[in-house]
Amino acid sequence: MEVQKTALYNYHKNLGAKFVSFAGYEMPIQYKDGIVKEHISTRTHAGFFDVSHMGQFFLEGDETLIESLEKIIPADLKNLKINHSKYSFLLNNEGGIIDDLIITRTEKGFCIILNAACKENDIKQISQFLKEHHKHLLNNDLSLIALQGPKSVEILEKLIPGVANLKFMTGNNFEYEGENLYVTRSGYTGEDGFEISISNTKVEKLIDYLISNEVKPIGLGARDTLRLEAGLCLYGHDLNEKINPVEANLKWAIAKKRKEVGGFNGWEKIKNLLANGSEKIRVGIKPDGKVIARENTKIFSSDNNEIGFVTSGTFGPSVNAPVAMGYVKSEFSEVGTSIQLEVRGKKYGGKISELPFYKKSYVK
Amino acid sequence: MSEKKFSKKHEWVSLDGDVATVGITKHATEMLGDIVFVEVPDAGKAVEKEGQAAVVESTKAASDVYSPISGEITEGNKAIADDPGSVNTDPEGASWFFKLKIKDKGEYDSLMSKDEYDKFCKENPS
């Protein structure tokens, strides 16, 4: 498959981006400032992220659309209000996570934001449950821009009046440059912020405005350190088709009503796990020293038994220490448990830590 | 202290008698980005030419640092292990990685000069 580019590719180039191949797209990994400065400026001011590689999947239909989607998504879609969003997943028959996603109720149906690497398969999986009269569209004419950081609201409100009234995990339609755009208050950094769905033809103008307000461009590198400090999962690393929401410590994202009634893929398995717990579970990990425990680092108990593995690990610039997450046998998952991390053949001490590593500041 | 010589793996070496000082080049730090972890060898460790001798990690990835010259380590620079970010600020000065007692000055002589190294970097952009 040919390498794909977002509408902002040349814009990134002019900003001095270094590119990396990600999910079939040429995406900026960092800009001139580098990962640590980009990370800090998001936490202290605001940063923008081009996440147009993610799928913006629109569905339209009657009441039967809800029934169809609820077979593969364990959210309470029936009671999801228009312009409200939920974090959820697509589940397979074994309760494994096919993808994690944000689903928003729209006037005509739903919009689902899908991971770039998964979107083709996701649509195949969702389509199995759709009826002929349900309409669906992966809209590639739209860009998706995340604006994140404490100054986001002040800066965006000046350009698009009304966005300041949005609460976390809600959205609405707004007008910009004579066109409709959809803004949600959400993100992937642990900061207050927005995700803006805007036509490819207007996106450069929006970015011009953000840059004139000293909003820095942020690459995938800092996106990763920001989300890891915020304790958020990255699909393909912390989550995959063999991991279910109970193991992933994400059972909070299965709606209460759905936990009771079920009726979605993998329900039997998940019901059992909800009652009895899982063998392994996702935890936060803090190495004692400066050593970085990256993905696939083996985790040992203090008496040298192998108990798990790291799925994401990096240096957290705001925590000013290395941070990681991974899976351990459930009996070792209590916060404060001493563990050992095997890095380059040597064992280093560490502890099971609370998530997030960095305290969130969402507007509720 | 002799003039600095350079390796294709982006290390620099300077020589004082039979003791070489080794670090990574400014060009290497620019490719790596923000350095957040450094592991330096202990005194007494024997290293081969182009053998793994230290570790440097940026926010992006971990990389091995090779010794461009064989010998026995006399000192690892503990200061950079305590403050990895200092490698970004002064890679070719105070933030050297290790010193070693060399066996064969011919290995030093065969490394690239500053001009040769700059040309090498231009011809081999990462």
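The values are calculated or read from the model by the stated rules, or taken from the named source; none is laboratory data. If you're wondering where the values come from, they're calculated on a predicted model, not measured in any experiment. So basically every Cβ, Gly included, is an ideal-geometry build from the backbone, and we count neighbours across all protein chains shown.
Taking the range A:301-322, which residues are over 13 Å from A:Ala222 (Cα atoms) and among the polar types (S, T, N, Q)?
A:Ser301, A:Ser302, A:Asn304, A:Asn305, A:Thr311, A:Ser312, A:Asn320, listed by residue number.
Tell me which residues, restricted to the range A:63-93, are crowded, with 21+ Cβ neighbours inside 10 Å and touching a Gly at 6+ places or on another chain (Cβ under 7 Å).
The answer is A:Leu65, A:Ser85, A:Leu91.
Here is a list: A:Glu204, A:Glu195. Which entry is touching a residue at least 12 places away in the same chain (Cβ under 8 Å) and within 19 Å of the chain's Cα centre (by Cα)? Full working, then the answer.
Working: A:Glu204 fails: within 19 Å of the chain's Cα centre (by Cα).
Just a single option satisfies the conditions, and that option is A:Glu195.
Considering every residue within the range A:312-319, establish whether at least one is among the β-branched types (Val, Ile, Thr) and either away from chain B (no Cβ under 14 Å) or closer than 22 Å to A:Pro245 by Cβ (or both).
At the first step, the residues of the range A:312-319 found to be among the β-branched types (Val, Ile, Thr) are A:314, A:319.
Remaining after also requiring either away from chain B (no Cβ under 14 Å) or closer than 22 Å to A:Pro245 by Cβ (or both): none.
Checked against the condition, which is being among the β-branched types (Val, Ile, Thr) and either away from chain B (no Cβ under 14 Å) or closer than 22 Å to A:Pro245 by Cβ (or both), the range A:312-319 yields no hits at all.
Mind counting the residues in the range A:268-307 that are assigned to a helix (DSSP H, G or I) and either touching a strand residue (DSSP E or B) at 6+ places or on another chain (Cβ under 8 Å) or surrounded by 20 or more Cβ atoms within 10 Å (Cβ to Cβ) (or both)?
So in the range A:268-307, the residues assigned to a helix (DSSP H, G or I) come out as A:268-276.
Narrowing the set further to residues that are either touching a strand residue (DSSP E or B) at 6+ places or on another chain (Cβ under 8 Å) or surrounded by 20 or more Cβ atoms within 10 Å (Cβ to Cβ) (or both) leaves A:270.
Adding up the residues that qualify gives 1.
Does A:Gly345 satisfy the criteria of being touching a helix residue (DSSP H, G or I) at 6+ places or on another chain (Cβ under 8 Å) and either within 14 Å of another protein chain (Cβ to nearest Cβ) or surrounded by 20 or more Cβ atoms within 10 Å (Cβ to Cβ) (or both)? Reasoning before the result, please.
Numbers: touching a helix residue (DSSP H, G or I) at 6+ places or on another chain (Cβ under 8 Å): no; either within 14 Å of another protein chain (Cβ to nearest Cβ) or surrounded by 20 or more Cβ atoms within 10 Å (Cβ to Cβ) (or both): yes.
Against the criterion (touching a helix residue (DSSP H, G or I) at 6+ places or on another chain (Cβ under 8 Å) and either within 14 Å of another protein chain (Cβ to nearest Cβ) or surrounded by 20 or more Cβ atoms within 10 Å (Cβ to Cβ) (or both)), A:Gly345 does not qualify.
Quick one: how many residues across the range A:308-330 are part of a strand (DSSP E or B) and of a type in the set (Ser, Thr, Tyr)?
Number satisfying all stated conditions: 4.
Which number in (1) touching a strand residue (DSSP E or B) at 6+ places or on another chain (Cβ under 7 Å); (2) touching a residue at least 24 places away in the same chain (Cβ under 8 Å) marks the one condition that A:Leu226 misses?
Failed condition: (1).
If we only count strands (runs of 3 or more DSSP E) wholly inside the range A:75-160, which ones have 1 or more residues that are among the aromatic types (Phe, Trp, Tyr)?
A:85-91, A:109-114
Filter the range A:6-62 down to the residues that are out of contact with any Gly (no Cβ under 9 Å at 6 or more places or on another chain) and among the basic types (Lys, Arg), then identify the one that is farthest from the other protein chains (Cβ to nearest Cβ).
That would be A:Lys13.
Just to be sure before I move on: is B:Asp42 under 20 Å from A:Gly345 (Cβ atoms), within 16 Å of the chain's Cα centre (by Cα), surrounded by fewer than 19 Cβ atoms within 10 Å (Cβ to Cβ) and among the charged types (D, E, K, R) in the structure I sent?
Yes, satisfied.
Let's see how each residue does on (1) in a strand (DSSP E or B); (2) within 14 Å of another protein chain (Cβ to nearest Cβ); (3) at pLDDT 95 or above; (4) under 11 Å from the mean Cα position of the chain (by Cα):
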{"residue": "B:Lys60", "(1), (2), (3), (4)": "no, yes, no, no"}
{"residue": "B:Ser63", "(1), (2), (3), (4)": "yes, yes, no, no"}
{"residue": "B:Ile69", "(1), (2), (3), (4)": "no, no, yes, yes"}
{"residue": "B:Ile73", "(1), (2), (3), (4)": "yes, no, yes, no"}
{"residue": "B:Ala79", "(1), (2), (3), (4)": "no, yes, yes, no"}
{"residue": "B:Asn88", "(1), (2), (3), (4)": "no, yes, yes, no"}
{"residue": "B:Ala94", "(1), (2), (3), (4)": "no, no, yes, no"}
